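Following: one structure in structure tokens, then a few remarks.
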Amino acid sequence: MNNYFIALVAFAISLLFIWLLLPILKKAKAGQQILHYVAEHNTKNGTPTMGGIAFILAIAISACIFCDLKSRGTLVILCVFLAYAIVGFLDDFIKIKFRRNMGLKAYQKLVVQLAIAILVALFVKNDIAIGSVLRIPFCDKQIDLGFWIVPFVVFVYLACTNGVNLTDGIDGLATSTTICFLFGMILLLGKELSYHSSVGDTYAYNQTTQVVKLCYIAIGALFAFLLFNCNNASVFMGDTGSLALGALVACSGIFTRMTLFIPLIGIMFVVSCVSVILQVVYFKITKGKRIFLMAPYHHHLQKKGHSETRICTIYCTVTMLVIAFLLAFGV
């Protein structure tokens, strides 16, 4: 089946679900309670959230139609994707139910995310198509982490889910950046498919093929969502969407032995995480001073006067430049 056709079907399904979901969210008064730390956000209070449900369902349904669910790896990816979506849904539901900006407590989210990540890490270690081998960027070598693949995979899931979640701070940013990331993975995995085919690694070839299909499906579904999520957004994805996308970002690398490429293609997710960490550490060390006007970094850019559309353009441009560099020198 042509991958472009698969993406179009996912786009149509996602569009349908958004059209059906928006009136339901509005009727249920499922609006985001905005913290007014950025002046530009004052008008966004009450914008429907949990819109991620639409593209999550579209991705899941499309995957069931077009992907090989007899493949254990594909089935695990879908389960992980949906598991993190459920965690995000609970977080969003509590926010809406009790009309507060904080949902699940931090330790509650961490414990559940950690449990999911550990289970997946153990599967990865024992899976013949993945195992403990990682492809090293900028050379033709691989590295075998052995048992250390387990804590490494756990860290990657926590980093990716929180990275996408932190990036989801302005209209269309997490959506557009994730689309660029997945597009980059498709291009890089195309080269990996050629390599697996040349060496006769059937298991890795089949698994990578399924991940590529999932990337096309996700891109199609996210483009439909972006129509409603770009500035000024009619709906937010919420933690429901951002945690699920973070899990998908992690899976796209982990299940293809390309995990070390995630922080490169996902450079802007890294920027979001690192900017928050630096801000918090520096604030405590200097007793009140800040590196950035506000963290994550996209809010710093907002404070500097950049529009949300411009910030999205910057994040996508940087991501695409990194992808071009990797295609030229990294694989």
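Laboratory data are not the source of any read-out in this text; all were calculated from the coordinates shown. The structure displayed is predicted, hence computed values, not measured ones. Reconstructed Cβ throughout: ideal geometry from the backbone, glycine too, with neighbour counts over all protein chains shown.
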Quiz item: To the nearest µm²/s, what D does Stokes-Einstein give for the stretch 40-158 at 10 °C and 1.306 mPa s, using the Kirkwood radius over alpha carbon pairs as Rh?
Solution: 94 µm²/s
Practice problem: For the stretch 263-279 and the stretch 65-81, write down the distance between their C-alpha centroids in whole Å. | Solution: 29 Å
Quiz item: Given a Förster radius of 56 Å and the C-beta distance between ILE128 and PHE283 as r, what FRET efficiency does 1/(1 + (r/R0)^6) yield to the nearest 0.05?
Solution: 0.75
Practice problem: Sort ARG72, ARG135 so that the residue with the fewest other Cβ atoms within 10 Å of its own Cβ comes first and the one with the most comes last. | Solution: ARG72, ARG135
Quiz item: For the stretch 126-208, what is one quarter of the convex hull surface built on the Cα atoms, given in nm²?
Solution: 6.4 nm²
Self-check item: Label-point gap, in nm, between TYR195 and TRP148 - each point 7 angstrom along Cα→Cβ
Solution: 2.0 nm
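Over 21 Å between Cα atoms, which of LYS44/LYS284; LYS29/LYS95; LYS70/LYS141; LYS26/LYS304; LYS70/LYS109 qualify? Provide the component values of the computation, followed by the final result.
Values: LYS44/LYS284 31 Å; LYS29/LYS95 12 Å; LYS70/LYS141 30 Å; LYS26/LYS304 33 Å; LYS70/LYS109 31 Å.
Over 21 Å Cα-Cα: LYS44/LYS284; LYS70/LYS141; LYS26/LYS304; LYS70/LYS109.
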Quiz item: How would you rank 247-256, 84-93, 166-175, highest first, on the average number of other Cβ atoms within 10 Å across their residues?
Solution: 247-256, 166-175, 84-93
Exercise. May I ask which residue of PHE223, VAL276, SER62 lies farthest towards the positive end of the charge dipole of the chain, with charges of +1 (Lys, Arg) and -1 (Asp, Glu) on Cβ and the Cα centre as origin?
Key: VAL276
Quiz item: When the chain is modelled as a GNM with alpha-carbon springs shorter than 10 Å, which of THR309, THR259, THR319 fluctuates the most?
Solution: THR309
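Beyond 19 Å, what percent of the Cα pairs of the stretch 176-331 remain? Can you show the working numbers first?
Numbers: 7281 of 12090 pairs.
For the stretch 176-331, the share of Cα pairs beyond 19 Å comes to 60 percent.
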Exercise. Per residue of the stretch 78-87, in order, report the coupling 6.51 cos²θ - 1.76 cosθ + 1.60 (Karplus, θ = phi - 60°) as ³J(HN,Hα) in whole Hz, putting x for Gly and Pro.
Key: 4, 5, 5, 4, 6, 5, 5, 4, 5, 4
Quiz prompt | Residue (of VAL112, ASN165, ILE96) at the positive-pole extreme of the chain, dipole from beta-carbon charges | solution = ILE96
Exercise. Pop out the Kirkwood hydrodynamic radius of the chain from its pairwise C-alpha distances, inverse of mean 1/r, in Å to one decimal.
Key: 20.1 Å
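Say R0 is 25 Å: what FRET efficiency, to the nearest 0.05, do PHE325 and ILE136 get from their beta-carbon distance?
On the way: r = 16 Å, r/R0 = 0.64.
Computed FRET efficiency for PHE325 and ILE136: 0.95.
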Quiz item: Which residues does a label at VAL318 reach in the stretch 164-193, if reach means a backbone N under 20 Å from a point 7 Å past the Cα toward the Cβ?
Solution: 164-185
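Please arrange LEU321, LEU326 by how many other C-beta atoms lie within 10 Å of their C-beta, fewest to most. Intermediate results must be reported in sequence, preceding the final value.
On the way: LEU321 11, LEU326 19.
Starting with the residue having the fewest Cβ neighbours, the order is LEU321, LEU326.
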Quiz item: Ranking LYS109, LYS141 by Cβ neighbours within 10 Å, fewest first, what do you get?
Solution: LYS141, LYS109
Practice problem: In a Gaussian network model over the chain where Cα atoms closer than 10 Å are linked, find which of LEU114, LEU182, LEU82 has the largest mean-square fluctuation. | Solution: LEU114
Quiz prompt | Estimated inter-spin distance, VAL274 and LEU8, nm [label 7 Å along Cα→Cβ] | solution = 4.1 nm
